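These notes are about the structure you will find just below.
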Amino acid sequence: MQGPSEVLKQFVLCLLAGLLTLALARPVQAQSYGASLGFLSLPVETVNVIIANPRSDKSYNDKVTDGLRKYLAVYPGDYFNPAVADFAIAKARRSPDIDNITYAFALGRAGGLDVTFTITLAEKGKGFKGQGYLITNNLADLPVLYDKDGTFVRAKLEALSLTYANNNAWFGQPDKMLAGNPLVQGKPAGAGYSQWLEGYLHYGLYGITPINDKFYVYGGLSAISSGSTGQELFTNRTRGYTFFEDAYAGFVTGTTDAKGNRLAFNFSAGRQKFQLANGFLIANTAANGWNRAALQANARWAADLLVLAQLRYNNTKLEAFYVEPDELPVINTNTGLAGVNIEARPIPGLMTAASYVTALKGNFAYYGPTGEVIGTRDGLNVYDLRATYTPKPLSQPGPFFGLEGAIQNHRDFDMFATAGYAEAGYSFVDKPWSPSVSYRIAYFSGDDPNTKTYERWDPLLSGGNGEQWVQGSSMFKVVQDTNVLAQRIESHFRPLPTVEVVPQLWAFTAPSRDNLGGNPALSFLDGDNYGYEGNVTVKWFPNRNWYVHGMLAYTVPGGAVQDALNDNAKDWFAAMLFVRYAL
């Protein structure tokens, strides 16, 4: 009879086959909320282009709106980048037909992001004359400093303040749960109530300028000042830190043929954020906490180095990348990942994709069943296939589905690890509060000590926010995306046009009782049940500048955790609230 791990392994392999048809010890860390993103933590649902003062000639209006869409190259499912949008608008404004272009965000009916671009047509012979503080000396133009003839320079200012509280953090057993954790400084949070405050300022300059009509160069430079005080998860020390965040340069070029086919190429290199697809493999390209403070605000996202080349032809995107994450010095694994990714939308509502990632370097260790190091991340290969399908437009009620499967092997030793997920849900956007509900099962293999093959999944840089691959607000701190079978029921509600409520229910089990490489207290499990969590998140988007985010979580330890903690594990309650302002 097959054991649970073998059945789940076969499930992932079957999932991979289905996707082919569709497509033809790590130290405990805190999760990433995507707090700095606000609206931009949501995938784009719709992109609308309207003309404030349309002409009577419909074909002329269509030509202008289509020209803007060509420059934007934003598609449903993408994550909106305001710097890229500003740069695209600067290019489009070079047309003598356009006087101005603005854009606004709104929550979509299906819980995504609606982006609306408004074009103001120029009077005959009067195109866009330029704007920005350096041109007009008008403070109302800020954060735009200069915008004329395709050259666009803007300032960035973002501020966030966060408070976080726990009752019985680490299930009230920090001595065992944090044994040997290098992030601990002074006294960590534990039994009873604890609370801390943190925040950051992110400030910088971003710009783009044309070399000719089809070739533009761009870049960005910014820094972050962050601080924390109070009883944090790992320390009670007050800290402050300032360092560069973004520091990159690149170029973009492209063309549109007579039939309207759009080809665009974008290349950039330097310090910047990178997320591969939905964050299943790569999302957290920078670490926070320790001497950098702002542990839960997750102020920093930029990798130490990202080299990225993207080629898009209509709805098909091909990208190649090399990324070195900005890790904390105290747990620096010297990781360098290279890869390729292709995404296509062959029919409306269907996205299919494939990725390959390889570790060109990395000393993150893999442990055998007796605690010996059998290898490191250097030499790891990852093969990933995924698809999402929404049969009906997002503005209509209907089902939605997601599938992903991946395998890992190694160039230097016998390794075969598997991971994947399946999700199904239904959106009732025509009902009050536009509710949706979904179920997701996600599997990340553990090592079977009875085989010579190493099978524990390496989570790489997985994460993002609580609706991506941060699985459980508190449980994620204990059980990250390896040796876990996580089941999630999630709903979305829109009680007000600018408010979204997201409740989640979680159940976590261990595929393998050999958990070496995870939390030291849980290295050898006597049971399979990690525990359960219920949490609810409330998001308020008053406008594109302000964002308010609150969260409550209640986490119950399962039998495996209770056994490891001598039946002294307590239920863990957590609460968080932050306010963000960004120009």
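Kindly evaluate GLU423 against the criterion of being of a type in the set (D, E, K, R), in a strand (DSSP E or B), in contact with a strand residue (DSSP E or B) (Cβ under 6 Å, 6 or more places away or on another chain) and open to solvent by 30 Å² or more (accessible area, probe 1.4 Å).
When the stated conditions are applied, GLU423 passes them.
Here is a yes/no grid of residues against (1) open to solvent by less than 20 Å² (accessible area, probe 1.4 Å); (2) modelled with pLDDT of 95 or more; (3) charged (D, E, K, R):
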residue	(1), (2), (3)
GLY111	yes, no, no
THR120	no, no, no
LYS124	no, no, yes
PRO174	no, yes, no
MET177	yes, yes, no
GLY190	yes, yes, no
GLY199	yes, yes, no
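Go through (1) at pLDDT below 95; (2) buried (at least 21 other Cβ atoms within 10 Å of the Cβ) for PHE234 and report which single condition fails.
(1)
Might you let me know whether the range 192-202 holds any residue that is more than 30 Å from ALA155 (Cα to Cα), outside any strand (DSSP E or B) and not polar (S, T, N, Q)? Outline the logic, then answer.
If we filter the range 192-202 for residues that are more than 30 Å from ALA155 (Cα to Cα), which is where we start, we get 192-196.
Within this subset, residues satisfying the condition of being outside any strand (DSSP E or B) are 192.
Subset that is not polar (S, T, N, Q): 192.
Checked the range 192-202: at least one residue is more than 30 Å from ALA155 (Cα to Cα), outside any strand (DSSP E or B) and not polar (S, T, N, Q).
Please verify whether ASP257 is more than 25 Å from GLY130 (Cβ to Cβ), open to solvent by 60 Å² or more (accessible area, probe 1.4 Å) and among the acidic types (Asp, Glu), treating the condition exactly as stated. If you could, list the steps in order and put the result at the bottom.
Numbers: more than 25 Å from GLY130 (Cβ to Cβ): yes; open to solvent by 60 Å² or more (accessible area, probe 1.4 Å): yes; among the acidic types (Asp, Glu): yes.
Spelling it out, ASP257 is indeed more than 25 Å from GLY130 (Cβ to Cβ), open to solvent by 60 Å² or more (accessible area, probe 1.4 Å) and among the acidic types (Asp, Glu).
Out of the range 480-501, which residues are at pLDDT below 95 and closer than 24 Å to LEU461 by Cβ?
Once the filter is applied, which keeps residues that are at pLDDT below 95 and closer than 24 Å to LEU461 by Cβ, the range 480-501 yields only GLN480.
Just one of ASP147, ASP66, ASP62 is open to solvent by 20 Å² or more (accessible area, probe 1.4 Å), in contact with a Gly (Cβ under 9 Å, 6 or more places away or on another chain) and of a type in the set (D, E, K, R); which is it?
ASP66
Return the total of residues in the range 94-109 being surrounded by fewer than 16 Cβ atoms within 10 Å (Cβ to Cβ), under 24 Å from PRO497 (Cα atoms) and modelled with pLDDT under 85.
Counting residues in the range 94-109 that are surrounded by fewer than 16 Cβ atoms within 10 Å (Cβ to Cβ), under 24 Å from PRO497 (Cα atoms) and modelled with pLDDT under 85 gives 1.
For GLY220, state whether it is out of contact with any Lys or Arg (no Cβ under 6 Å at 6 or more places or on another chain) and within 30 Å of ARG292 (Cα to Cα).
Here the answer is yes, as GLY220 does meet what is asked.
Checking ILE135 against (1) under 26 Å from GLY219 (Cβ atoms); (2) under 35 Å from the mean Cα position of the chain (by Cα), which test does it fail?
Looking at each condition in turn, ILE135 falls short on (2).
Which one is most open to solvent (accessible area, probe 1.4 Å) among residues in the range 370-419 that are more than 23 Å from LEU461 (Cα to Cα) and hydroxyl-bearing (Ser, Thr, Tyr)?
Filtering the range 370-419 for residues that are more than 23 Å from LEU461 (Cα to Cα) and hydroxyl-bearing (Ser, Thr, Tyr), the one most open to solvent (accessible area, probe 1.4 Å) comes out as THR370.
Inspect all residues belonging to the range 207-222 and state whether any of them is farther than 30 Å from PHE524 by Cα, under 24 Å from the mean Cα position of the chain (by Cα), hydroxyl-bearing (Ser, Thr, Tyr) and not in a loop (DSSP other than H, G, I, E, B).
Yes - at least one qualifying residue is present in the range 207-222.
Which residues, taken from the range 483-510, are farther than 25 Å from ALA575 by Cα and in contact with a Leu (Cβ under 6 Å, 6 or more places away or on another chain)?
ALA510 - this is the single residue of the range 483-510 that is farther than 25 Å from ALA575 by Cα and in contact with a Leu (Cβ under 6 Å, 6 or more places away or on another chain).
Just one of (1) outside any loop (DSSP other than H, G, I, E, B); (2) open to solvent by less than 20 Å² (accessible area, probe 1.4 Å) trips up ASN181, so point out which.
The failed condition is (1).
Out of the range 308-357, which residues are β-branched (Val, Ile, Thr), surrounded by fewer than 17 Cβ atoms within 10 Å (Cβ to Cβ), closer than 24 Å to LEU380 by Cβ and in contact with a strand residue (DSSP E or B) (Cβ under 8 Å, 6 or more places away or on another chain)? Break it down stepwise before answering.
Going through the range 308-357, the residues β-branched (Val, Ile, Thr) turn out to be 316, 323, 330-331, 333, 335, 340, 342, 347, 352, 357.
From what's left, surrounded by fewer than 17 Cβ atoms within 10 Å (Cβ to Cβ): 316, 330-331, 340, 342, 347.
Next, only the ones that are closer than 24 Å to LEU380 by Cβ stay: 330-331, 340, 342.
Matches in the range 308-357: VAL340, ILE342.
Only one of LEU15, LEU42 is under 29 Å from PHE400 (Cβ atoms), open to solvent by less than 30 Å² (accessible area, probe 1.4 Å), modelled with pLDDT under 75 and more than 20 Å from the chain's Cα centre (by Cα). Can you tell me which?
Unique residue meeting the criteria: LEU15.
The values are calculated or read from the model by the stated rules, or taken from the named source; none is laboratory data. What you see is a predicted model; the values in this text were computed from it and never measured. Please note: Cβ atoms are built from the backbone with ideal geometry, for glycine as well, and neighbour counts cover all protein chains shown. Side chains included, ligands, DNA and RNA excluded: accessible areas come from the protein's heavy atoms. Shrake-Rupley method; radii C 1.70, N 1.55, O 1.52, S 1.80 Å.
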